[in-house]
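J.: Structure provided below as structure tokens; questions to follow.
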Amino acid sequence: MSGFLHCHDCGWYQDDFWSKEHYHPFRESIVNDWKKTLFSDRIKMPTHLMKKLLVPYEIDKDEKNSCYVDGKDLVASSLIEAANSIKAMKIKTYKDFEKIKHKWKCPNCGSKSWDID
Ligand SMILES: [Zn+2]
């Protein structure tokens, strides 16, 4: 099951609950994409996205909304993003959450006004 745990009072949230078999940060499709991207030298990307991710880029001379990035920079940025998401994960699985949900409070504001979508 997916499970997006979040707080209605302060907006705190974490990644969907993980499971070893299905959803987790190292899903085969993601790792395969990282491997492929790592060896690409010039990838065309939207400039605003690369500004946001702080990836070094070279603006496309004919199309200013697009830019070129090195695959290794894109993968490094994705790994940092994944690491931050992993660090922010308070409860890894729904099974873990079931055991404590009756007493669980938001780690940011202490509210019990949480929800799972
Ligand atoms: Zn909260």
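Bear in mind these aren't lab numbers, they're just calculated from the coordinates by the rules spelled out. All values derive from a computational prediction rather than experimental measurement. Using ideal geometry, Cβ is built from the backbone for each residue, glycine included, and neighbour counts are taken over all protein chains shown.
J.: From the phi angles alone, apply the Karplus equation (6.51, -1.76, 1.60; θ = phi - 60°) to segment 74-84 and give each ³J(HN,Hα) in whole Hz, x where the residue is Gly or Pro.
T.: Going residue by residue, I get 5, 5, 4, 5, 5, 5, 5, 4, 5, 4, 5 Hz, with x marking Gly and Pro.
J.: Within 10 Å, at most 13 other Cβ atoms, and a DSSP state outside H, G, I, E, B define an exposed site. Report the longest part of the chain free of exposed chymotrypsin sites (Phe, Trp or Tyr not before Pro).
T.: By the stated rule (loop sites, at most 13 other Cβ atoms within 10 Å), 40-117.
J.: A further question follows. Can you give the extra length, in nm with one decimal, that the chain gains between LEU79 and LYS95 once fully stretched, where that is 0.36 nm per residue apart less the Cα-Cα distance?
T.: Values: separation 16, 0.36 × 16 = 5.76 nm, distance 2.64 nm.
Taking LEU79 through LYS95 to full extension adds about 3.1 nm, to one decimal.
J.: Based on the Kirkwood radius over alpha-carbon pairs, what is the Stokes-Einstein translational diffusion coefficient of segment 25-88 at 37 °C with 0.692 mPa s viscosity, in µm²/s? The partial results should precede the final answer.
T.: Values: Rh = 12.3 Å.
Reported coefficient: 267 µm²/s.
J.: Same structure again: Normalised by the empirical 2.2 N^0.38 Å for globular proteins, what value does the Cα Rg of the chain take?
T.: The chain yields a ratio of 1.35.
J.: Something else about it: Find the cysteines in the chain that fail to meet the 4.7 Å Cβ criterion with every other cysteine, and list them.
T.: CYS67, each lacking another Cys Cβ under 4.7 Å.
J.: Please identify the GluC sites (Glu not before Pro) of segment 37-107 that satisfy two criteria: DSSP loop assignment and at most 12 other Cβ atoms within 10 Å. Which are they?
T.: Passing sites in segment 37-107 are GLU63.
J.: Please give the FRET efficiency for PHE26 paired with GLU63, using the beta carbon to beta carbon distance and R0 = 35 Å, rounded to the nearest 0.05.
T.: The value I calculate is 0.55.
J.: Counting Lys and Arg as +1 and Asp and Glu as -1, each charge on the Cβ, what is the dipole of the chain about the Cα centre in debye, to the nearest 20?
T.: Values: 20 positive and 18 negative charges, 102 e Å.
Charge dipole, the chain, about its Cα centre: 480 debye, nearest 20.
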